[in-house]
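K.L.:
Provided herewith is a single structure, encoded as C-alpha cells, for subsequent inquiry.
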Amino acid sequence: MRLSAILFGLVFMCAALAVAVPPQDGEDVRGAFLTSRPKEKKANTSSTRPSRKRPKATTTSAKTPVEKTTDGATASTGSKETTGTTVKTGDSKPVNVPRLGMGLTLFSRDSNGLAVRVDPGRVFQKGDRVRILLETNSDGYLYIFNRTDDGAPVMIYPSAELDEGGNYIQAHVPFEIPAPDAAEERLRWFAFDENTGTEKVIFVFTREPLKDVPIEDDLLAFCRNGKCPWPVATGVWDLVAAQMTETLKTDRNDRFGGAQTTAEKDASTRGLGLAKDDPQPSLIMMASSRKPTLVATLELIHK
C-alpha cells in the first residue's frame with residue numbers, strides 16, 4: 001500500500017487506523033483531558049489557518065515565575081491548572097503540572113465527499129480516503145513520523161510545505177492532517193492504493209521543541225533544492241523510541257458514523273479552539289506521569 005501525501009513532498013504507507021490500545025482506563029482519563037477545555041469559544045474573526053510558529057518571547061519586565069518539576073517539565077507558578085499532580089522541588093512552592101494528553105479522531109470521506117467519523121479498528125480498501133483530527137490538552141510542539149516495517153523513520157510533520165515549517169500546537173485548538181482547506185482535493189486526504197501492509201505513524205507531543213530537529217526557518221532552509229524529507233538523526237530517534245515504551249492511559253468511545261461538525265471544521269481551520277460542549281475525540285491518550293513528552297503510536301492496517 002502507498003499513501004500519496006504530496007502535501008508533505010513524499011509518499012508514505014497508510015491504512016486503517018488500528019490502534020493497539022491497552023485496557024480502557026475510563027472516564028477519569030476523558031474527564032481529565034476535557035476539563036481544561038474552555039466553557040465557551042474565544043471570539044476569532046480570522047478566516048485563515050492559525051499560525052503554527054512558536055510564540056515570541058515576552059518582553060515585559062514582570063515575568064511569571066517558572067519552576068522546574070522533578071521530571072524536568074516546567075510550570076508557571078502564576079497560572080492555575082485543573083489537572084495533573086502538585087509537586088515540590090526543594091524549598092519552592094508547590095507546582096501543579098498537568099499530564100500531557102492527546103485526542104485523536106479518524107474521519108473517512110463518504111460518497112458525498114463529507115468527512116465522517118469511522119471506527120479506528122476498521123479495515124480500509126483501495127480508494128478509501130482518511131484524515132486525522134488531533135487535539136492536545138496543553139500548548140506544545142507536534143512531530144509526526146512514519147516508519148515502514150523496520151525501515152528508517154520519516155518525519156512528515158513539521159513540513160516545509162505546511163504551516164511554514166511550524167509545529168506549535170495550542171491546547172484544545174485541533175490540528176488536522178492532511179489539511180482540509182488545501183487548494184486541491186488530492187491534498188486534503190490520505191488515499192489508499194493497491195499496496196497492502198502494516199505501517200506505524202508516531203505522534204510526538206512535547207512541551208519544548210525537540211533538540212536538533214529543524215523547524216520553521218531552519219527546516220525551510222534545509223528543504224530548499226529538494227533536500228527534504230529531513231533525515232531523522234539517530235539520537236533523535238533513540239529518544240523517541242525510548243518514549244514509545246511508556247504506558248499511556250486511554251479512553252475510547254464508539255460514536256461513529258456522524259459527519260464532522262461545523263464547530264470542528266472552524267476550530268481547526270481558524271484556530272478557534274474547542275469548547276466543553278463540542279464533539280469529543282474518539283480516542284484519548286494521556287501520559288501516566290508528568291514527563292514533558294508524550295509519544296503515541298498508531299498501527300495502520302490496509303488489506
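K.L.:
ARG147 - would you say it is over 29 Å from PRO55 (Cα atoms) and over 18 Å from the mean Cα position of the chain (by Cα)?
P.N.:
Spelling it out, it is not the case that ARG147 is over 29 Å from PRO55 (Cα atoms) and over 18 Å from the mean Cα position of the chain (by Cα).
K.L.:
Further, regarding this structure: Out of the stretch 184-227, which residues are under 22 Å from the mean Cα position of the chain (by Cα) and in a strand (DSSP E or B)?
P.N.:
PHE190, ALA191, THR198, GLU199, LYS200, VAL201, ILE202, PHE203, VAL204, PHE205, THR206
K.L.:
Sticking with this one: Of all residues in the stretch 115-173, count the ones that are assigned to a loop (DSSP other than H, G, I, E, B) and among the polar types (S, T, N, Q).
P.N.:
Summing the residues that are assigned to a loop (DSSP other than H, G, I, E, B) and among the polar types (S, T, N, Q) in the stretch 115-173 gives 5.
K.L.:
Consider ARG255 carefully, then state whether it is out of contact with any Ser or Thr (no Cβ under 8 Å at 6 or more places or on another chain), of a type in the set (Lys, Arg) and surrounded by fewer than 19 Cβ atoms within 10 Å (Cβ to Cβ).
P.N.:
For ARG255, the condition - out of contact with any Ser or Thr (no Cβ under 8 Å at 6 or more places or on another chain), of a type in the set (Lys, Arg) and surrounded by fewer than 19 Cβ atoms within 10 Å (Cβ to Cβ) - is not met.
K.L.:
Would you mind listing the strands (runs of 3 or more DSSP E) fully within the stretch 243-303 where at least 1 residues are over 15 Å from the mean Cα position of the chain (by Cα) and at pLDDT below 85?
P.N.:
293-302
K.L.:
Need the failing condition index for THR262 against (1) touching a residue at least 12 places away in the same chain (Cβ under 8 Å); (2) under 30 Å from LYS41 (Cα atoms), just the number.
P.N.:
Exception for THR262: condition (1).
K.L.:
So is GLU81 modelled with pLDDT under 90 and either over 22 Å from GLN260 (Cβ atoms) or assigned to a strand (DSSP E or B) (or both) or not?
P.N.:
Yes: the conditions hold for GLU81.
K.L.:
Could you list, in sequence order, the residues of the stretch 97-114 that are assigned to a strand (DSSP E or B) and not small (Gly, Ala, Ser)?
P.N.:
VAL97, MET102, LEU104, THR105, LEU106, PHE107, ARG109
K.L.:
Are any of the residues in the stretch 185-198 more than 28 Å from PRO98 (Cα to Cα), of a type in the set (S, T, N, Q) and free of Cβ contacts under 8 Å to residues at least 40 places away in the same chain?
P.N.:
No; the residues of the stretch 185-198 include none that is more than 28 Å from PRO98 (Cα to Cα), of a type in the set (S, T, N, Q) and free of Cβ contacts under 8 Å to residues at least 40 places away in the same chain.
K.L.:
If GLU246 meets every condition in (1) farther than 30 Å from ARG109 by Cα; (2) without any contact (Cβ under 8 Å) to a residue 24 or more places away in the chain apart from one, which number is that one?
P.N.:
(2)
The values are calculated or read from the model by the stated rules, or taken from the named source; none is laboratory data. Just so it is clear, the model here is predicted, and its values are computed rather than measured. Here the Cβ is made from the backbone with ideal geometry for all residues, glycine too, and neighbour counts use every protein chain on show.
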